Amino acid sequence: MNASGLSLANNTPLCYSINSPPFKYNPPIASAYYSTIFTILGLPSNLLAFIVLVKAFRRTNSRSRSFFLIFLGGLVVTDFMGLLVTGSITISFHATKFNWRNLDPYCHFCNFMGMSMVFYGLCPLLLGAAMAVERFIGINRPFARSTKMPKGRTISMVLMVWFIAGCIALLPLTGIGSYHIQKPGSWCFFLISSKGNDLIFSLIFSLVGLMSITVSFLLNTVSVVTLIKVCCGQDRSQRSRDHEVEMMVQLILIMLIASICWCPLLIFIAQTVLSGAELQIKYLLLWLRFATWNQILDPWIYILFRRAVLKRIYPRFDWSRSSIMTLYPPLGNTLRRLTRSSLGSTLGSDETGETGKTNVIPPSSLKHPPPSP
């Protein structure tokens, strides 16, 4: 008998049919200090990052950079709201020790928190994939993207990501999966089970997250290789290339942090439901803490890894030089040799070749004109 059948037989609300408060299970990983520290660290960090992004958006004249800043703004807003909603509920429970069944007899509050956990969990991963797609088009297919594309289209893409994540979060309310109170009673999440619709929703959540990370990795890898190939010369377009390098560095760090923080939880969920093993709550709580670090570390990527900040940290570097790549000539030469020898012209040769032809200035044109008599 599945969870819904058991709930109807016992006249018990669905969210309490598997676990019913109060709980005596209280492992160290479920301590109130974790939720409090994460919330205190994450909320100011995301707020600071949002302020920095708004100022940078107002100053930028680059269309591609403004698109990227819109995606980053959506990511920061999502992380901030995720910490605010879930953190306030969890901290309130630890502070008051309220009984969920008395406070929420019809599971509305539990369903809301479960949807929030799913929505704010998938949004950063989906946004990371959307940012990778945007950078892939901007770097590898620059002529495929119209120069007159309005910024509103980028905002629509962010809204579309939120809509997709919201639709997935609403699936348990339609019968595909179910939200349940989780031990030690401070939070609600979908039922991780190998039976029926709970198996389907568990796989949807884990596979969507893993596919988003995979898409980000593949597209970012191609974009980085292409950027290395075209970001070699010292010409007039090097300033815009610096912005491309800066954005790619930030995007790669976002991808790496998301992979490190989320892959353990996503793999754990998929492995548990596919193997039919009993859910180990201590590991679920542990990997959930790992995933929460993603919302804390994301804003610091843009706060710290900017040219304006790096100029202050490393003032001895000649930041007036034409390219970020020229700061490390041996590394740049090695990467160029590797990419040229291994890939040749197979990766976007037409677009890259045209870009190189239009950007490279002939040596003769670099000579100073003779002095006028």
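The values are calculated or read from the model by the stated rules, or taken from the named source; none is laboratory data. It should be emphasised that the depicted structure is a prediction, and the values quoted were computed from it without experimental measurement. Positions of Cβ are generated from backbone atoms using ideal geometry, with glycine treated the same way; all protein chains shown enter the neighbour counts.
Details
- Yes/no for residue 45 being at negative phi and over 18 Å from the mean Cα position of the chain (by Cα): no
- Among the residues of region 95-105, not one is outside any helix (DSSP H, G or I), touching a Pro at 6+ places or on another chain (Cβ under 7 Å) and either basic (Lys, Arg) or surrounded by fewer than 11 Cβ atoms within 10 Å (Cβ to Cβ) (or both).
- Looking across 85, 76, one residue alone is surrounded by fewer than 20 Cβ atoms within 10 Å (Cβ to Cβ) and assigned to a helix (DSSP H, G or I). It is 85.
- Filter result for residue 17 (under 24 Å from residue 282 (Cβ atoms) and either at pLDDT 80 or above or of a type in the set (D, E, K, R) (or both)): yes
- Check on residue 70, free of Cβ contacts under 8 Å to residues at least 60 places away in the same chain, of a type outside the set (Ser, Thr, Tyr), surrounded by 13 or more Cβ atoms within 10 Å (Cβ to Cβ) and part of a helix (DSSP H, G or I): no
- Residue match in region 269-284 (condition: more than 20 Å from the chain's Cα centre (by Cα), buried (at least 20 other Cβ atoms within 10 Å of the Cβ) and either within 27 Å of residue 244 (Cα to Cα) or modelled with pLDDT of 75 or more (or both)): yes
- Considering region 225-268, and only residues there that are polar (S, T, N, Q) and surrounded by fewer than 16 Cβ atoms within 10 Å (Cβ to Cβ), the residue that is modelled with the lowest pLDDT turns out to be 234.
- Residue list for region 255-284, restricted to those being farther than 19 Å from residue 79 by Cα and among the hydrophobic types (A, V, I, L, M, F, W, C): 267, 268, 269, 270, 273, 274, 277, 279, 281, 284
- Comparison of 183, 151 shows that the only residue that is at pLDDT below 95, crowded, with 16+ Cβ neighbours inside 10 Å, among the charged types (D, E, K, R) and more than 14 Å from the chain's Cα centre (by Cα) is 183.
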